[in-house]
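*Asks:* I'd like to ask some things about the structure below.
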Amino acid sequence: MARTSTKENKSIYQQKREELGLSREKAAELLRFITPERIERIESGKSNAHPDEVVLMAEKYQCPHLCNYFCANECEIGRQYVPEIKAKDLSQIILEMLASLNAMRRKQERLIEITSDGIIQDEEIHDFITIQNELEKISVTVETLQLWVEQKLASGDIDMDTYQKIRNKQ
């Protein structure tokens, strides 16, 4: 078993590696193309991870959340456009989705009123932004569900072959 660092404020990459009980040397063997020295530089924040390194860590550490974390926090474009998704239980995800869908159902007519002329008037902006925020909540909830599924696939809790077979039929 690898020695666990006592350092405060560990990076998410170090946390995930240590959760698996991997030393940097063992992680480098698992990751194949990333040296222990490079892993140390990424984990310590001395170097930024490259997207391909994060994808590889996410796959080998069975932690798809690493990709979302990278995009939302470390990628120049992603910081502006990608929200960080927090892991949640399936029941919480579904309840949030239903609450947002219900809220949108009530605002649907107002959205039609606002947008039917193709122009958003000054007196409509407040309502439009409120509706836009609700739509963004739905989008984040969908992404949260997708991340939940990816985690279950990575951990083997959902059978990948069955999932892919059914997905490809639709």
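*Asks:* When we measure straight from the Cα of LYS10, which aspartates and glutamates land under 16 angstrom away, once same-chain ones fewer than 8 places off are left out?
*Replies:* GLU18, GLU19, GLU40, GLU43, GLU74
*Asks:* What are the equivalent ellipsoid semi-axes of the chain, built from the alpha-carbon gyration tensor (square roots of five times its eigenvalues), in whole angstrom, biggest first?
*Replies:* On the way: eigenvalues 306, 83, 38 Å².
Whole-Å semi-axes of the equivalent ellipsoid: 39, 20, 14.
*Asks:* Further, regarding this structure: How would ILE114, ILE138, ILE129 rank on accessible area, largest to smallest, probe 1.4 Å?
*Replies:* Putting ILE114, ILE138, ILE129 in descending order of accessible area: ILE129, ILE138, ILE114.
*Asks:* Given a 1.4 angstrom probe, what's the average accessible area per residue across the range 52-170, in square angstrom? Before the final figure, lay out each step's value.
*Replies:* Numbers: 8110 Å² over 119 residues.
With the other protein chains kept in place, the range 52-170 gives 68 Å² per residue.
*Asks:* Return the long-range amide H neighbours of SER23 (sequence gap of 5 or more, or a different chain), with a cut-off of under 5 Å between placed amide H atoms.
*Replies:* Result for SER23 returns ALA2.
*Asks:* Computing the accessible area with a 1.4 Å probe over protein heavy atoms, can you report the carbon and sulfur percentage for the chain?
*Replies:* Numbers: 6030 of 11560 Å².
Exposed carbon and sulfur together represent 52 percent of the surface.
*Asks:* By how many nm would the segment from ASP161 to MET104 lengthen if fully extended, with 0.36 nm per residue of separation less the alpha-carbon distance? Don't jump to the answer; show the numbers that get you there.
*Replies:* Working: separation 57, 0.36 × 57 = 20.52 nm, distance 3.52 nm.
Extra length from ASP161 to MET104 when fully extended: 17.0 nm.
*Asks:* Let me ask another. If you project the alpha carbons of the range 86-130 onto their three principal axes, what span does each projection cover, largest first, in Å?
*Replies:* 40, 19, 14
*Asks:* To continue, here is another question. Based on the alpha-carbon gyration tensor of the range 1-102 and its eigenvalue square roots a ≥ b ≥ c, which shape applies: rounded if a/c is under 1.5, prolate if not and a/b is larger than b/c, or oblate? Let's see the in-between values first.
*Replies:* Working: a/c = 2.33, a/b = 1.74, b/c = 1.34.
Since a/c reaches 1.5 and a/b is larger than b/c, the shape of the range 1-102 is classed as prolate.
*Asks:* Show me, for the range 78-88, the HN-Hα J-couplings you get by feeding each phi into the Karplus relation (A = 6.51, B = -1.76, C = 1.60, θ = phi - 60°), rounded to Hz, glycine and proline as x.
*Replies:* With coefficients 6.51, -1.76 and 1.60, one gets x, 4, 7, 10, 10, x, 6, 9, 8, 5, 9 Hz.
*Asks:* Just to make sure I understand: if all protein chains stay in place, what is the order of SER11, SER139 by accessible area at 1.4 Å, largest first? Kindly include the intermediate steps, with their values, before the conclusion.
*Replies:* On the way: SER11 25, SER139 65 Å².
Largest to smallest exposure gives the sequence SER139, SER11.
*Asks:* Next up: Over the range 65-165, what lengths in whole Å, largest first, do the semi-axes of the equivalent ellipsoid take, defined as the square roots of 5 times the eigenvalues of the alpha-carbon gyration tensor? Don't skip to the end; give the middle numbers.
*Replies:* Numbers: eigenvalues 206, 65, 25 Å².
Calculated on Cα positions only, the semi-axes equal 32, 18, 11 Å.
*Asks:* Step through the table entries LYS16/LYS46; LYS46/LYS88; LYS107/LYS165; LYS16/LYS165, compare each Cα-Cα distance with 28 Å, and write down the pairs that go over it. Intermediate results must be reported in sequence, preceding the final value.
*Replies:* Working: LYS16/LYS46 18 Å; LYS46/LYS88 31 Å; LYS107/LYS165 37 Å; LYS16/LYS165 30 Å.
Violating the 28 Å limit, Cα to Cα: LYS46/LYS88; LYS107/LYS165; LYS16/LYS165.
*Asks:* What's the FRET efficiency of LYS46 with ILE94 using the Cβ-Cβ distance as r and R₀ = 35 Å, to the nearest 0.05? Could the numbers behind the result be given before it?
*Replies:* On the way: r = 41 Å, r/R0 = 1.17.
With a Förster radius of 35 Å, E is 0.30.
The values are calculated or read from the model by the stated rules, or taken from the named source; none is laboratory data. These numbers come from a predicted model, not from an experiment. Cβ coordinates were reconstructed from backbone atoms using ideal geometry, including for glycine residues, and neighbour counts include every protein chain displayed. Accessible surface areas use protein heavy atoms only, side chains included; no ligands, DNA or RNA. Shrake-Rupley method; radii C 1.70, N 1.55, O 1.52, S 1.80 Å.
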